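Just so it is clear, none of the values below were taken in a lab; they were calculated from the coordinates. Predicted, not measured: the structure shown is a model, and the values here were computed from it. Cβ coordinates were reconstructed from backbone atoms using ideal geometry, including for glycine residues, and neighbour counts include every protein chain displayed.
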There are 2 protein chains.
Amino acid sequence: MRATLMYGAGDVRVEHVPDSVITLPTDALVRITASCICGSDLWPYGSMKPEDGPARMGHEFIGIVEDIGPEVTTLNRGDLVVAPFAISDNTCQFCREGLHTSCTNPQAGFWPDDGGQAEAVRVPLADGTLVKLPVEADSALMPSLLTLSDVSGTGYHAAVSGGVNPRTRVTVIGDGAVGLLAVLAAKRLGAEQTILMGRHQVRTDLGREFGATDVVSARGEEGIEAVRELTGGHGTHVVLEAVGTMPAYQQALGVVRPGGVISRVGVPQYEDAPIGFGSLFRHNIRLTGGPAPVRAYIEELMPDILDGTIEPGKVFDATTGLDGVPAGYQDMADRKSLKVLIKP
Amino acid sequence: MRATLMYGAGDVRVEHVPDSVITLPTDALVRITASCICGSDLWPYGSMKPEDGPARMGHEFIGIVEDIGPEVTTLNRGDLVVAPFAISDNTCQFCREGLHTSCTNPQAGFWPDDGGQAEAVRVPLADGTLVKLPVEADSALMPSLLTLSDVSGTGYHAAVSGGVNPRTRVTVIGDGAVGLLAVLAAKRLGAEQTILMGRHQVRTDLGREFGATDVVSARGEEGIEAVRELTGGHGTHVVLEAVGTMPAYQQALGVVRPGGVISRVGVPQYEDAPIGFGSLFRHNIRLTGGPAPVRAYIEELMPDILDGTIEPGKVFDATTGLDGVPAGYQDMADRKSLKVLIKP
């Protein structure tokens, strides 16, 4: 079969690899019908050292169950399923609390050897990880349903963790897919005002369609000043930080209201950052967020997609076969594409 | 009148200074009947440069209103009052939300020119800042009521901000007055388990009396291991960090459960600290806390003191007149005293 491998920064190849097979009794083998490239894939695409590769890529996909291990009880061959970006058993104490990304099962975690930018994939803990979709594989809803594997749930996690409600003003930092879906989530939760900070008008226009009440294209001090002007001087109760860089974190510190919360879902590209008296502490600013337990949100968000209330699939602005995946990476890195859907 | 001045690290003096007087129409002049030395006073006592001094000291006190400015409407001469450690108007949008430490009034903030370790003090925004006490100045409840000015409210703020409830296990880091009163607060909020990390048995014994179910005297990796053993391996849902040093923060990272919260009320002695993928982010650890809006908690906590339900004044293990203040600082720095009460 064919799969995507990253050999190092800027070096993505689609190659023939051994067919994925079931290796554990709780596995399923899934023939992929739709997958995509993630903004987080761009971090290694920008910096990965050749000695750390090659790595199989892709952690968002929909596919058809082709085979199941003997201990899989909830799935059958032919089921159409969506996979969250993290593997979990959906039964441990953390999964039961809705924190599937901290599942304690030894097989749980982020996608390991296999990847979703491929023709097929072995799915560990298939009963816990996969969620059946009540549509056919050629449904027009496929792009939106595919976002349930990561970006819809990640944007929603930002907003839920930040405590967005009708009494909160919200700033969203970042106009990538996650930032735009954080806007959609803030609208769903009833935010009084949602300010989207982003510089690419095609994207911020989609952000307005998703519910942004204001757009600030300036960054740094100028951007902070603009948000403060829009909020009576004090900033917003909630900041959804969907980038992960230090400048994005500093921007969040600049626009958050005293007593407010910065909710991070962009994977931090830093370890140490200011959290002392002069940043978080003085005005009781809270910090929350992390890898989204998207498995916990799929059942909640899916009905709105099925009935057309929300259309998160609009974040896909390009579609390719496997052959086009390397170019898709480059287009996303160059910001020519917002998010690339793959039909293997 | 006499007042306490800090001239530099290790150099505290009680000197004659000009009498405090009313300077603004919203001021009150308070004759101090009881005040104390704070754990946070020990930071400058350990490191203050002479060029930054001399500074008037003290931000926790009870006293009798001796005079009021023409715009003060809720207080009268002779009233016995307690002062929170921060000045606030109790009417701005942040005060109305209970975040008095972020009061927007230009006169609001931490104690400026005057201080509470003195015979008298000018209190700005007296209507907002001061709270009347329904007892006489010689009441036996005085030590406990004095804790309402800071340490009771600060310990309570840690627990409230951390979301302590009957379903949470709690670790308290630090056996100073704030840590011990964070234990008391966790008990008040019904914590399932409260583990106190502290090395001084006299203090941890008081912590047990306040409601600690377990005490861990080890620190660093050994202490973290002990807490994990007491909690089935995963640490506690809430960590109340009542010290403020980097080792205390690192200890908090070690004992907090995935999805849990670190609530800081010890003034951070660092600005940058780990908050990236390897510390907070990976397991959705939240960070909260800051300077406690103790003004918001006084009415809530006072009845329990008046009826004897709680006795937070037990944190005072020494009493002195103004002459003994310099020795009191040294005793607290040497950990001979937990907290020193001053009767000017």
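One way to sum up the overall shape of the protein assembly as shown is the equivalent ellipsoid from its Cα gyration tensor, whose semi-axes run 54, 26, 21 Å, largest first.
The alpha carbons of the stretch B:229-276 give a radius of gyration and a Dmax of 10.8, 33 Å, in that order.
Under a model in which nothing but the beta-carbon of Lys, Arg (+1) and Asp, Glu (-1) is charged, the protein assembly as shown shows a dipole of about 200 debye around its Cα centre. Pairwise Cα distances in the stretch B:92-224 exceed 25 Å for 40 percent of all pairs. Calculated on the Cα set of the stretch B:261-344, radius of gyration then Dmax: 18.4, 52 Å. Placing R0 at 60 angstrom, the Cβ-Cβ distance between residue B:23 and residue B:218 gives a FRET efficiency of 0.70 after rounding to 0.05.
Working value for chain B: equivalent-ellipsoid semi-axes of 34, 21, 19 Å, each the square root of 5 times a Cα gyration tensor eigenvalue, largest first. Using a Gaussian network model of chain B in which every pair of alpha carbons under 10 angstrom is joined by a spring, one finds that among B:216, B:30, B:239 the greatest mean-square fluctuation is at B:216.
The DSSP beta bridges internal to the protein assembly as shown are antiparallel in roughly 55% of cases.
Taking the DSSP beta bridges with both ends in chain B, the antiparallel portion is around 55 percent.
Remark: relative contact order (the stretch B:155-289) = 25 percent; criterion is Cα-Cα distance under 8 angstrom and separation of 6 or more residues. As a length-normalised measure over Cα pairs under 8 Å and 6 or more apart, the relative contact order of chain A settles at 19 percent.
The mean of 1/r over all distinct Cα pairs in the stretch A:1-116, once inverted, gives the Kirkwood hydrodynamic radius of 15.4 Å. Under 5 Å between amide hydrogens, built in the peptide plane, is the criterion, and for residue A:286 it picks out A:260, A:261, A:262 among residues at least 5 positions away or on other chains. Shortest first, residue A:200 label-point distances to identical copies amount to 5.7 nm, with the label point at 7 Å from Cα along Cα→Cβ. Report the one residue of A:265, A:166, A:285 whose Cα lies farthest in the direction of the positive end of the charge dipole of the stretch A:155-289 (charges on C-beta: Lys and Arg +1, Asp and Glu -1; origin at the Cα centre). The Cα lying farthest towards the positive end belongs to A:166. Per-residue ellipticity at 222 nm from helix content only, as computed over chain A with -39500 (n - 2.57) for each DSSP H run of at least four residues, stands at -7000 deg cm²/dmol. Straight-distance candidates among the lysines for linking to residue A:314, with alpha-carbon spacing under 18 Å and chain neighbours fewer than 8 residues away dropped: A:187, A:336, A:339, A:343. Under the convention that each Lys and Arg Cβ holds +1 and each Asp and Glu Cβ holds -1, the size of the dipole of chain A around its Cα centre is about 980 debye. At residue B:220, with labels set 7 Å past Cα in the Cβ direction, how many nm apart are the copies from this one, shortest first? Between copies, matching label points for residue B:220 lie 4.3 nm apart. Which distances, in nm and shortest first, link the residue A:91 label point to the same label point in every other copy, taking 7 Å along Cα→Cβ? Label-point distances to the other copies, shortest first: 6.2 nm. Taking the convex hull of the alpha carbon positions in the stretch B:155-289 and averaging its projected area over all directions gives 6.7 nm². Once the Cα atoms are used to define both axes, helix A:201-210 deviates from the longest principal axis of chain A by about 90 degrees.
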